[in-house]
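Working notes for the structure below.
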Amino acid sequence: MPEPYLGSPSGTIEILRKYNISARKKFGQNFLIDDGVLSATVDAAELTPEDAVLEIGPGIGTLTQYLAASAGHVVAVEIDRSLLPVLADTLSGFDNVEVISGDILKTDIKEIVDTRNNGRPIKVVANLPYYITTPIIMQLLESGAPIESITVMVQKEVADRMTAEPGSRDFGALSLAIRYYAEPCVAQIVHPDSFIPQPGVDSAVVTLLAHKEPPVSVKDPGFMFQLIRASFNQRRKKLSNGILNFPGYKVGDREGVHFTRADVEGALTAAGLDPNIRGEAMSLAQFADLADRLLGKVPGSD
């Protein structure tokens, strides 16, 4: 197997010129040219020859080469069909890589795990397009596929939200969702000069180590996340107002469920919380408790 050679400005520029490639803004393309960052990303994922890796958006194959050198098998999903001939070139000789043409948001991740890794847990590693980072991460977490860890390059602002603690400025619905499914950790801050073209912001490599079991017990996780979304629809406002202003909750087979102010404030008080509390001050465990108490007020929900 050849050594990775795209983790440098010269190697990347050679391929970009060879195929007359320019970064396509609609796909959020920025090409990594920093060997140190690429190596650190692979190290953060703790890859071994026994691991199967799912890569999202391989681009011209820069990170893919590093993944192939460390993992047993790599499945890379690329939305930009014009890059498929480039990947065939740059990944020539890396015989443990399979490239799939498709949109990751329309891809059955569980099917990939079942067919490419016999249903065993995989690791996800990717340099994610900034404009669609959160939907991709949430699809991965909610897919039901056995995923051991997710190591991704994201905009630093998103990394701050992913790792934020209750009460902090960056804490929100994404912070809570991440904590339900995984333990997040920032592995490295990456500056714009590590890319061609340079983005206008710093980036960060974040690793999400999947929980074997959720850290909180809640009767209906889907309902809890509806409450969380409602609570952060109006930041810096009372949580109760956000919950009451939500257009309607889905509870089991019931659609359009609503609560009264007495329901919400009563549940908060019973949970030992100030009825005027804001969502950003609440932990995941407190949201789980509140969800169970409000669920008890929905007839037939037990």
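The values are calculated or read from the model by the stated rules, or taken from the named source; none is laboratory data. Note that this is a predicted model, so its numbers are computed, not measured. Cβ coordinates were reconstructed from backbone atoms using ideal geometry, including for glycine residues, and neighbour counts include every protein chain displayed. Just so you know, the surface numbers come from the protein's heavy atoms only, side chains and all, with ligands and any DNA or RNA stripped out. Shrake-Rupley method; radii C 1.70, N 1.55, O 1.52, S 1.80 Å.
For segment 280-289, the tally of residues that are within 18 Å of Lys238 (Cβ to Cβ) and in contact with a Ser or Thr (Cβ under 9 Å, 6 or more places away or on another chain) stands at 3. Pairing residues of segment 265-278 that are closer than 13 Å to Leu244 by Cβ with residues that are of a type in the set (Phe, Trp, Tyr) and open to solvent by less than 70 Å² (accessible area, probe 1.4 Å), at Cβ distances under 9 Å and at least 6 apart in sequence or on separate chains, gives Ala267/Phe259.
Within segment 74-89, the set of residues being surrounded by fewer than 23 Cβ atoms within 10 Å (Cβ to Cβ) and either under 21 Å from Ser8 (Cα atoms) or over 21 Å from the mean Cα position of the chain (by Cα) (or both) comprises Arg81, Ser82, Leu84, Pro85, Val86, Leu87, Ala88, Asp89. Residue count for segment 30-64, restricted to those that are among the hydrophobic types (A, V, I, L, M, F, W, C) and closer than 23 Å to Gln139 by Cα: 9.
If you take the residues of segment 62-73 that are among the aliphatic types (A, V, I, L, M) and surrounded by fewer than 24 Cβ atoms within 10 Å (Cβ to Cβ), which of them is nearest to Leu6 (Cα to Cα)? Looking at residues that are among the aliphatic types (A, V, I, L, M) and surrounded by fewer than 24 Cβ atoms within 10 Å (Cβ to Cβ), I get Ala69. Within segment 231-238, is there a residue that is open to solvent by less than 20 Å² (accessible area, probe 1.4 Å), modelled with pLDDT of 90 or more and within 23 Å of Asp274 (Cα to Cα)? Yes, the conditions are met somewhere in segment 231-238. Please specify each residue of segment 126-157 satisfying the condition of being without any contact (Cβ under 8 Å) to a residue 40 or more places away in the chain and either in contact with a Ser or Thr (Cβ under 9 Å, 6 or more places away or on another chain) or under 15 Å from Val186 (Cβ atoms) (or both). Passing the criteria: Thr133, Gln139.
Selection of segment 168-207 for residues being open to solvent by less than 60 Å² (accessible area, probe 1.4 Å), assigned to a loop (DSSP other than H, G, I, E, B) and either in contact with a Pro (Cβ under 6 Å, 6 or more places away or on another chain) or over 30 Å from Ser8 (Cα atoms) (or both) yields Ser168, Asp170, Phe171, Gly172, Pro199. Which numbered condition trips up Gly59, out of (1) outside any strand (DSSP E or B); (2) touching a residue at least 60 places away in the same chain (Cβ under 8 Å); (3) at negative phi; (4) open to solvent by less than 20 Å² (accessible area, probe 1.4 Å)? All conditions pass for Gly59, except number (3).
Has segment 283-300 got at least one residue that is aliphatic (A, V, I, L, M), part of a loop (DSSP other than H, G, I, E, B) and modelled with pLDDT of 95 or more? Checked segment 283-300: no residue is aliphatic (A, V, I, L, M), part of a loop (DSSP other than H, G, I, E, B) and modelled with pLDDT of 95 or more.
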